[in-house]
1. In the calculated pair distance distribution of region 14-56, what percentage of Cα-Cα distances lie above 11 Å?
2. Quote to one decimal, in nm, the extra length available between residue 42 and residue 13 on full extension: 0.36 nm per residue of separation minus the C-alpha distance between them.
3. If I model a spin label as a point 7 Å beyond the Cα along the Cα-Cβ vector, how far apart are those points for residue 31 and residue 54 in nm?
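Nothing in this text is a laboratory measurement; each read-out follows from the coordinates by a stated rule. As the structure is a prediction and not an experimental result, all values here were calculated from the model. Every residue, glycine among them, receives a Cβ derived from its backbone with ideal geometry; neighbour counts consider all protein chains shown.
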């Protein structure tokens, strides 16, 4: 299914981005990445979500140091 690109230049279509957290903003752009989409499809079919998470940094092995 192709995304609706009819309003891609509309500021109103992306106004919600101003209120996203850093993680939400990262996800918003990661999910649009064609390489990620392909990897997700492959992992979904192969039930290999752990490798997908590791490759795209969706999980972290330990707590970060602030």
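1. 67 percent
2. In short, 7.4 nm is gained.
3. 2.6 nm
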